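A.B. asks: So that we are looking at the same thing, I have put the structure below in structure tokens.
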Amino acid sequence: MMIRKTLLTCALKKRATKLSVGSMMVLCLGTGAALVPLAAHAQNFESAQRQQLDTVVAVVNDGVIMRSELNERIAQVEQQATAQDGTLPPRNQLAQQVLERMVMDEIQLQMARQANLSVDDTELNRQLRSLAESNNMTLDQFADAVEADGITLADVREDVRREMLMRQVQQRQISQRVTVSDRDVERFLSQQPSQQGQAFIEETRARHVLVELTPTRNENQARARAQEARQRLQQGDDFASVAREYSDDRGSGMNGGDLGWVRPGQTVPAFEEAMTSLSPNQLSEPVRSQFGYHVIEVLERRRQDVTEESRREQVRQAIFQRRANEELQTWQREIREQAFVDIRL
């Protein structure tokens with residue numbers, strides 16, 4: 001059984017152990033060394049050969065990524081590609097793409113450690129239960145399923161913890177980079193003439209399937225996969241089931257693709273434009289945004305009564321969220337450029 005992409009893409013990311021100089025073994029060769037049997041020398045040579053098989057493929061600031069880690073991640077990507085009938089790039093190119101993603105993860109995890117961030121066990125357990133429920137399983141059934149894929153629940157637990165740490169880092173950093181002024185709010189409100197002087201805001205309840213571009217999926221493949229998901233939905237398949245199978249949106253994927261009630265300005269422009277053009281219960285064609293291809297369905301619309309003050313705050317939050325989504329990609333490029341990274345493939 002294949003578990004959600006969130007788990008499969010993260011479950012084998014084991015951190016390399018760093019050795020201090022004091023922990024290294026010092027070999028002192030005396031006059032008795034010449035008396036060691038040749039068989040012992042052969043065994044030592046074979047042992048050294050085995051140890052050399054696992055080498056450093058990237059140095060990231062004060063951390064390292066080992067070839068064994070990279071090979072495990074590549075094997076996981078290849079497994080996903082087989083399950084999804086995806087086409088992989090040449091092995092060398094795939095290794096570079098996968099390693100680059102591992103480098104980005106390592107940079108963000110280092111930032112989390114430097115900031116002394118941690119994940120509460122209660123919240124971690126809640127997240128694991130949500131993952132199990134999103135796959136229509138109990139936690140015990142979920143543990144059995146991941147183990148059938150060659151992954152232990154302890155591995156999954158640690159990987160979820162790392163994802164949550166990276167999310168904390170992203171939220172902290174992006175919140176410092178994005179501001180929304182009163183003028184921004186006024187400008188947005190001025191572009192909504194139908195709501196001037198009225199104490200309501202129009203909300204849309206929508207759900208979507210997001211297909212990202214990944215190392216295993218290029219532009220054409222992402223569009224084709226989104227179109228395949230749309231065809232399944234048109235044929236009457238359950239939206240939540242299709243979203244859990246196809247969607248790369250980790251947040252809404254847990255809720256069967258449901259975004260809840262969305263307000264103007266809360267999503268990126270390409271998504272909002274497509275969503276606004278849909279009637280209730282209508283499916284969009286695959287819509288391209290900076291995040292990939294979306295298949296959107298509008299469930300219903302409503303006018304939500306709000307006070308003027310709360311409406312302004314809701315607009316402020318919507319603008320902030322949209323800008324934060326856009327700023328995240330810029331920030332990730334910057335921390336990658338600022339880090340010391342030595343690729344040794």
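A.B. asks: When you count, for each residue, the other Cβ atoms within 10 Å and take the mean per peptide, how do 160-168, 332-340 rank with the highest first?
C.D. replies: Working: 160-168: 18.2, 332-340: 12.1.
Ranking, from highest mean packing down: 160-168, 332-340.
A.B. asks: From the phi angles alone, apply the Karplus equation (6.51, -1.76, 1.60; θ = phi - 60°) to the range 224-231 and give each ³J(HN,Hα) in whole Hz, x where the residue is Gly or Pro.
C.D. replies: Calculated HN-Hα couplings, in order: 5, 5, 5, 5, 5, 4, 4, 5 Hz.
A.B. asks: Return the distance in nm (one decimal) between the two label points of a simple spin-label model at R205 and I335, each offset 7 Å from Cα along Cα→Cβ.
C.D. replies: Rounded to a tenth, the inter-label distance reads 3.6 nm.
A.B. asks: Within 10 Å of each residue's Cβ, count the other Cβ atoms and sort T267, T216, T87 from fewest upward.
C.D. replies: T87, T216, T267
A.B. asks: Moving on. Using amide H atoms built 1.01 Å from N in the peptide plane, name the residues 5+ places from L299, or on other chains, whose amide H lies under 5 Å from its own.
C.D. replies: Residues meeting the amide H criterion: R205, A206, R207, N281.
A.B. asks: Which ordering of V341, V98 is given by a fewest-first count of other beta-carbon atoms within 10 Å?
C.D. replies: V341, V98
A.B. asks: Distance between the C-alpha centers of the range 149-178 and the range 230-295? Whole Å please.
C.D. replies: Using only Cα atoms to place each centre, the spacing works out to 24 Å.
A.B. asks: If amide H atoms are built 1.01 Å from N in the plane of the peptide, which residues on other chains or at least 5 residues away come under 5 Å of the amide H of V306?
C.D. replies: The list, which skips near neighbours in sequence, is F200, I201.
A.B. asks: Whose amide H sits under 5 Å from the amide H of S289, counting only residues 5 or more places off or on another chain, with H placed in the peptide plane?
C.D. replies: Result for S289 returns H294.
A.B. asks: With a 10 Å radius around each residue's Cβ, average the other Cβ atoms per peptide and rank 129-138, 116-125, highest first. Don't skip to the end; give the middle numbers.
C.D. replies: Numbers: 129-138: 15.7, 116-125: 11.7.
Order by mean packing, descending: 129-138, 116-125.
A.B. asks: To the nearest µm²/s, what D does Stokes-Einstein give for the range 200-305 at 25 °C and 0.890 mPa s, using the Kirkwood radius over alpha carbon pairs as Rh? List each step's numbers first, then the result.
C.D. replies: Numbers: Rh = 13.7 Å.
Estimated diffusion coefficient is 179 µm²/s.
A.B. asks: Using Cα pairs under 8 angstrom and six or more residues apart, how large is the relative contact order of the range 200-305, in percent?
C.D. replies: 43 percent
A.B. asks: Something else: So if I take the centroid of the Cα atoms in the range 52-76 and the same for the range 322-345, what is the distance between those two points in Å?
C.D. replies: Answer, in whole Å: 20.
A.B. asks: I'd like the Karplus ³J(HN,Hα) series for the range 144-152: coefficients 6.51, -1.76, 1.60, θ = phi - 60°, whole numbers in Hz, and an x wherever there's a Gly or Pro.
C.D. replies: 3J(HN,Hα) across the range 144-152, in whole Hz: 4, 5, 5, 5, 5, 8, x, 10, 8.
Values quoted throughout were computed directly from the atomic coordinates according to the rules given, and no laboratory measurement underlies them. Keep in mind the model is a prediction, meaning the values are calculated, not measured. For neighbour counting, all protein chains shown are included, and Cβ atoms are generated from backbone atoms with ideal geometry for every residue, glycine included.
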